[in-house]
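> Provided herewith is a single structure, encoded as structure tokens, for subsequent inquiry.
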Amino acid sequence: MVFYNREEAGRHLAGLLSRYAHDDNVVVLGLPRGGVPVAYEVAKALAAPLDVLLVRKLGYPSQPELAMGAIAAGGVLVLHEDVVESLDISQRLIDQAAEREFLELQRQEAMFRHGRPQMNVNGRTVILVDDGLATGSTMRAAVQALKMQRPKRLVIAVPVGAAATCVEFEREADEVVCLHRPADFRAVGMWYKDFTSTADETVIRLLGDAASWGRTAVLQGEA
């Protein structure tokens with residue numbers, strides 16, 4: 001299964017989540033930036049509120065696409081221990097990357113929300129969406145950040161993911177919905193014909209569109 005783009009993937013994924021449609025207790029959160037177009041289609045199909053959960057990957061300096069960990073809102077830091085050990089990455093390097101990405105997280109917070117408060121997910125069913133699962137470091141940081149906010153139920157939903165990673169998250173979430181678990185996974189981008197990077201402007205537009213249909217984050221978030 002190869003998706004044309006993230007929007008098509010989101011529509012297919014929404015079909016597996018139809019039991020959550022029109023449930024006032026359900027909210028959909030997308031991981032920026034590529035997870036937001038997928039989450040938008042899911043939220044629209046389910047008639048659910050849409051928000052963004054800010055997470056930043058910690059890339060290895062000489063190989064930025066190699067994740068050595070991730071940070072999330074609320075000061076959550078998750079390390080990919082296998083990568084850190086195999087490359088003998090120093091704490092100083094990790095701290096520098098975390099500081100750099102925290103500044104970017106703050107920039108995105110101001111840009112994406114436009115003053116809207118973070119959605120209050122306490123006691124609610126959260127569907128956490130990304131465009132795919134590879135090592136899972138960013139998703140793991142997102143899960144830890146969400147658990148601090150005490151949702152009633154946490155559902156991880158992705159169009160495609162490495163089979164082993166999807167299984168790992170079945171121990172961390174109440175439910176994992178992964179539409180496609182290819183045996184020869186390699187990378188998320190392999191399973192999209194169009195895997196163009198999602199621009200900040202696209203995230204802003206989609207969140208704005210969701211707000212215009214009256215189903216975005218309007219409740220005061222908790223610290």
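Throughout, read-outs are computed from the coordinates displayed, never taken from laboratory work. Fair warning: this is a prediction, and the values are worked out from it, not measured in the lab. Please note: Cβ atoms are built from the backbone with ideal geometry, for glycine as well, and neighbour counts cover all protein chains shown.
> Express the relative contact order of the chain as a whole percentage, based on alpha carbon pairs under 8 Å and six or more residues apart in sequence.
Numbers: 431 pairs, mean separation 60.0, N = 223.
Reported relative contact order: 27 percent.
> Computed from the mean reciprocal separation of all distinct C-alpha pairs, what Kirkwood hydrodynamic radius does region 68-223 have, in Å?
Details: mean 1/r = 0.0581 Å⁻¹.
Mean inverse Cα-Cα distance, inverted, gives 17.2 Å.
> Just for the Cα atoms in region 36-153, what are the lengths along the principal axes, largest first, rounded to whole Å?
46, 27, 25
> Return the calculated 222 nm mean residue ellipticity for the chain, to the nearest 500 deg cm²/dmol, obtained by summing -39500 (n - 2.57) across DSSP H runs with n ≥ 4 and dividing by the residue count.
Details: 7 runs with 82 residues, N = 223.
One gets -11500 deg cm²/dmol as the mean residue ellipticity at 222 nm.
> Let me ask you something else. Give the lysines reachable from Lys147 as a straight Cα distance under 24 Å; neighbours fewer than 8 places away on the same chain don't count.
Lys57
> With +1 on each Lys and Arg Cβ and -1 on each Asp and Glu Cβ, how big is the dipole of the chain about its Cα centre, in debye rounded to the nearest 20?
Details: 24 positive and 29 negative charges, 114 e Å.
It comes to approximately 540 debye.
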